[in-house]
Amino acid sequence: MGEYDMLTAALAVACTAVVALTVALVRTRRRWQAAVGERGWLLERERESAAEAAIAAERDRIARELHDIVSHNVSIMVVQASAAREVLGTMPDEAATALRAVEDAGRGAMTDLRHLLGLLAPAQDGTDTDPGPGTEPSAEAARTPLAPQPGLDRLSSLVDRISFAGLPVEVRVSGEPRTLPQGIDVTAYRIIQEALTNALRHGDGGRAEVTVRYADHALRVEVLNTGPSVLTGTAPAGPGPHGRGTGRGLLGLRERVAVYGGDLDARRRLGGGFRVRARIPLDRP
């Protein structure tokens with residue numbers, strides 16, 4: 001009888017141990033499933049956050065490109081249209097020249113916008129499928145390849161447009177010109193374009209100077225324009241001429257430069273006018 005009691009007690013202990021282990025195993029499995037579920041939720045949230053950040057960054061990039069395209073061309077159109085209106089009755093030839101400049105600026109803006117839209121929704125062969133305004137699309141229509149973003153190789157044409165619109169521009173290049181990474185090349189061009197456009201839009205006569213310096217380890221760009229002086233009291237009251245806009249242009253330029261580890265400074269000059277200066281490293285990995 002004693003041996004039977006011992007076997008019964010041992011069996012009871014074994015059963016209790018099995019039940020305890022089973023309960024522990026179930027609890028551990030539930031905790032593991034909960035941890036896996038929470039980790040999956042966290043990963044999903046991280047993916048959503050990354051997607052939202054990418055979308056926001058892309059929107060900012062598109063907004064900068066649209067601003068650069070529209071602001072520059074529309075500013076030239078406004079200046080030239082105003083000039084044409086002033087001389088329309090007395091100097092019809094000059095008025096016609098100004099109106100042609102308006103037309104050219106409008107066509108340039110449309111071309112740039114079509115290329116930008118083509119980048120957003122390109123055809124399978126990587127070409128711009130928009131045949132242009134006033135043209136019926138067809139399978140036989142010739143397709144224009146997407147043009148590259150403008151760089152310093154197009155600086156002379158930019159200066160010509162600004163000078164023709166009424167702001168004389170002098171360009172100085174120092175150092176040994178060399179091929180730049182595409183992003184830096186585009187950024188340098190956009191800095192000059194925005195600074196000259198602001199000078200043309202808000203400046204009170206005067207002239208502008210553009211300096212491009214190829215240093216050993218950096219590209220330096222500076223745009224100066226003359227204007228009313230804060231020292232003589234002839235400067236306009238309130239915010240400077242560049243401050244009357246939305247500020248998106250200069251903000252976009254700072255973001256562009258910051259991508260490459262550079263810095264940009266834009267401020268009114270005490271002697272009159274405005275200065276935009278940027279330094280972009282060329283040896284950053």
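Descriptive notes on the structure:
- Some residue of segment 79-88 being modelled with pLDDT under 60 and more than 19 Å from the chain's Cα centre (by Cα): no
- Flag if R31 is within 30 Å of the chain's Cα centre (by Cα) and loosely packed, with under 12 Cβ neighbours inside 10 Å: no
- Residues located in segment 191-210, provided they are modelled with pLDDT of 85 or more and open to solvent by 40 Å² or more (accessible area, probe 1.4 Å): R207, E209
- Output for segment 172-190, where each listed residue is in contact with a strand residue (DSSP E or B) (Cβ under 7 Å, 6 or more places away or on another chain) and exposed (fewer than 15 other Cβ atoms within 10 Å of the Cβ): R172, V173, S174, G175, E176, P177, R178
- Qualifying residue in segment 158-166 (condition: open to solvent by less than 90 Å² (accessible area, probe 1.4 Å), modelled with pLDDT under 85, more than 28 Å from D265 (Cα to Cα) and in a loop (DSSP other than H, G, I, E, B)): no
- Options R45, R59, R39; residue that is open to solvent by 80 Å² or more (accessible area, probe 1.4 Å) and either within 12 Å of the chain's Cα centre (by Cα) or at pLDDT below 75 (or both): R59
- For segment 255-285, the candidate set comprises residues that are in contact with an Asp or Glu (Cβ under 8 Å, 6 or more places away or on another chain) and among the basic types (K, R); within that set, the residue that is modelled with the lowest pLDDT is R275.
- Test: residue in segment 69-91 that is among the hydroxyl-bearing types (S, T, Y) and open to solvent by 70 Å² or more (accessible area, probe 1.4 Å): yes
The values are calculated or read from the model by the stated rules, or taken from the named source; none is laboratory data. Predicted model only: the values in this text are computed from it and were never measured. Every residue, glycine among them, receives a Cβ derived from its backbone with ideal geometry; neighbour counts consider all protein chains shown. Ligands, DNA and RNA are stripped out before the accessible areas are found, and what is left, the full protein with its side chains, is counted by its heavy atoms. Shrake-Rupley method; radii C 1.70, N 1.55, O 1.52, S 1.80 Å.
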